[in-house]
1. Can you tell me which residue within the range 203-236, out of those that are modelled with pLDDT under 85 and under 24 Å from L249 (Cα atoms), is surrounded by the most Cβ atoms within 10 Å (Cβ to Cβ)?
2. Given E17, E71, E108, E49, which one is among the acidic types (D, E) and at pLDDT 95 or above?
3. What tally of residues in the range 201-236 results from selecting those that are over 15 Å from the mean Cα position of the chain (by Cα) and either more than 27 Å from R258 (Cβ to Cβ) or not charged (D, E, K, R) (or both)?
4. Please name all residue pairs, on different chains or six or more residues apart, with Cβ atoms under 7 Å, provided the first residue is in the range 24-40 and is on the phi < 0 side of the Ramachandran plot and the second residue is of a type in the set (A, V, I, L, M).
5. Please state which one of E324, E280 is under 30 Å from K179 (Cα atoms) and either out of contact with any Ser or Thr (no Cβ under 6 Å at 6 or more places or on another chain) or part of a helix (DSSP H, G or I) (or both).
6. If we scan the range 90-106, do we find a residue that is over 30 Å from R422 (Cα atoms), among the charged types (D, E, K, R), surrounded by fewer than 20 Cβ atoms within 10 Å (Cβ to Cβ) and within 16 Å of the ligand (Cβ to nearest atom)?
7. Just name the residue that is modelled with the highest pLDDT out of those in the range 161-194 that are surrounded by 15 or more Cβ atoms within 10 Å (Cβ to Cβ) and of a type in the set (D, E).
8. Out of the helices (runs of 4 or more DSSP H) lying entirely within the range 47-164, which hold 3 or more residues that are in contact with a helix residue (DSSP H, G or I) (Cβ under 8 Å, 6 or more places away or on another chain) and over 30 Å from T18 (Cα atoms)?
Amino acid sequence: MEWTIKLEARTGWGEVETIEVGRLKRRVVDLTADEIGLTLAEGKELLSELQRLVLQTQMEEYTMCARGCRECLTIRRQRDCRTRTIQTLFGTVKVDAPRISVCPCSNEMGFVDLSFSPLAQLLPDRCTPELRRVQADLGARHSFREAAQLLSTLLPCSPTNHATIRNRTHRVAAEIAAKAPEAPKDAATSNGEMIVMIDGAHIRAAPGYQTRHVDVTVGKVEVTGRRPRRFALAPKGSDHPLAPMRAALIEQGWHPGRPLAVISDGEAALPNLVRAATGEPVRHILDWFHLSMRMRRIEQVLTGLSGRQLQQPEPVQTAQASIERIRHLLWHGRPDDADQEIVSLLGHASAISEQNGASVQESTNDLTRLCTELKGYAQNNRNAIVNYHRRYHGKQSVSTSRAEGCVDEIANARMGKKQRMRWSPRGAHRVALVRAAVLDGRLKPCKVIPMAA
Ligand SMILES: [Zn+2]
C-alpha cells in the first residue's frame with residue numbers, strides 16, 4: 001500500500017499550490033507489527049518536511065507583503081537576497097530573506113541606500129519563541145543534557161546540545177527578570193492577610209566560586225482568594241537578586257504600606273530578605289512545623305523511655321506531662337511560660353537519670369540536649385512565636401509546609417544532590433527563576449489563530 005501526503009497552500013490573494021510532502025509505503029501480505037502506522041522516524045521526517053514547506057511559503061508571502069510601503073503604497077526595491085536559517089521545534093529551515101530598500105518617501109537620508117530585512121526584524125534570534133520556551137521549560141525540569149536528549153528523541157527539533165538548552169533557559173530567565181510586575185486589577189483581594197512563606201536550600205557550587213554551596217531561596221506568596229505565586233532566587237546570583245520576590249509580591253497585590261507576614265524557620269536571614277525586598281518592616285512568624293518537630297523529638301525520647309522496664313517510671317510520666325504543657329503553651333503563643341516549663345522539664349530529665357542509673361544515661365543525655373536546644377530556639381525566636389491556635393482556627397497559615405514543598409519542587413528536584421550537578425550562583429538564580437515560572441504556569445504558550453472549521 002502507498003500513501004502520498006500533500007500540502008495545499010493558499011495565499012492571501014487566493015493562489016493555490018499543491019506540494020508533495022512525502023510518501024509512505026507498506027507491504028500488505030508480510031506486514032509486521034513494526035510497520036503499523038507511522039514510525040517515529042517517519043513522523044519526524046514528515047513533520048520536518050511539512051515545517052520546511054509551510055515556513056518557506058509563509059516567509060515568501062510575508063516578505064513579499066513587506067515590500068509594500070505603508071506610507072505611499074508603492075512596492076519597494078529588493079536590494080539583495082540572503083538565506084537565513086530558522087530554528088524551530090520541527091527542524092531547522094533555510095528560507096530566503098530578501099533585504100528591501102527603505103522607500104524614498106520615508107528615507108530621511110535620501111543620499112544613502114538604506115535597507116532592512118523583514119525576516120530579521122520578525123525573528124531576530126533565528127529561533128521561534130516556541131522552541132525557546134519549550135527548551136527553557138524542559139531545561140528547568142531536567143538537566144540540560146536530559147532535556148536535549150528528550151527533545152531530539154521525540155521531535156525533529158533543530159540539533160540541540162546541552163549548551164543550547166542552557167543558553168535558551170538563561171535567555172528566558174532574563175526575559176522573566178526584565179518583565180515589569182503588574183499589580184492585580186481586582187480590588188476584592190486587596191485586603192486580608194498577605195503571607196510570604198519562605199525557605200532555603202543549599203546546592204553544590206561549581207568549582208572556582210570560593211564556596212562549597214550556593215544558597216537558593218524559594219517561597220510562595222499567598223493571599224486569600226488568589227492562587228499562590230512561587231518565587232525562587234539565589235541571593236548571590238544576580239545584581240538584583242530580590243527582584244523576583246518583589247515581583248511576586250506586587251503581582252499578588254502588595255503595595256507599600258500593606259502589612260505582610262513572613263513565615264519561616266528560625267533563620268533570621270529569610271525574613272530579612274523580605275524586609276530588604278519591600279524596604280518595610282514585616283511581621284515574622286516562626287514556622288509551627290519547625291517548632292513542633294523539635295518537641296516531637298523530645299516526645300519520641302520520652303516514649304522510648306516509658307516503654308522500658310524502669311526502676312522509677314514516675315519522673316518519665318511527669319516529663320511527658322511537662323512536654324505536653326510546653327506544646328500547649330507554645331501553640332497558644334506563650335513563649336515565656338513555655339521557657340519556664342522547659343526549665344522544669346530539664347529538672348525532670350535529671351531526675352530520670354538520677355533515679356534510674358546508667359542504663360538510661362544515653363536517653364537522658366539526648367533529652368537534656370534536645371530540651372536545651374528547644375529552649376535556645378524558642379528564646380531566639382521569642383518575638384516570632386504567635387498564637388498559632390487562634391491563627392489555625394481563623395484559617396490562617398501557621399506553617400511553611402507548603403514552602404517546603406516548594407523547596408522540593410524547585411531546589412531539590414532540579415538542583416539537589418541527587419542530580420549531581422554543580423552550580424554557579426548566576427546559573428542557579430536563572431534556572432530557579434525559570435523553574436518557579438514553569439511550576440506556576442507563567443511560561444505561556446503563544447497565541448495562535450484557531451484553525452478554520
Ligand atoms: Zn513610500
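The values are calculated or read from the model by the stated rules, or taken from the named source; none is laboratory data. Just so it is clear, the structure is predicted and the values come from calculations on it, not from any experiment. Because the Cβ atoms are built from the backbone with ideal geometry, glycine has one as well, and the counts that use them run over all protein chains shown.
1. R226
2. Values: E17 fails: at pLDDT 95 or above; E71 fails: at pLDDT 95 or above; E108 fails: at pLDDT 95 or above.
Exactly one of E17, E71, E108, E49 is among the acidic types (D, E) and at pLDDT 95 or above, namely E49.
3. Counting residues in the range 201-236 that are over 15 Å from the mean Cα position of the chain (by Cα) and either more than 27 Å from R258 (Cβ to Cβ) or not charged (D, E, K, R) (or both) gives 19.
4. R26/M1; V28/M1
5. Details: E324 fails: under 30 Å from K179 (Cα atoms).
Answer to the check: E280.
6. Restricting attention to the range 90-106, the residues satisfying the condition of being over 30 Å from R422 (Cα atoms) are 90-106.
Next, only the ones that are among the charged types (D, E, K, R) stay: 94, 96, 99.
Narrowing the set further to residues that are surrounded by fewer than 20 Cβ atoms within 10 Å (Cβ to Cβ) leaves 94, 96, 99.
Now restrict to residues that are within 16 Å of the ligand (Cβ to nearest atom): none.
The answer is no, given that none of the residues of the range 90-106 is over 30 Å from R422 (Cα atoms), among the charged types (D, E, K, R), surrounded by fewer than 20 Cβ atoms within 10 Å (Cβ to Cβ) and within 16 Å of the ligand (Cβ to nearest atom).
7. Out of the qualifying residues, it is E175.
8. On the way: elements: 118-122, 129-141, 144-154.
Correct list: 129-141, 144-154.
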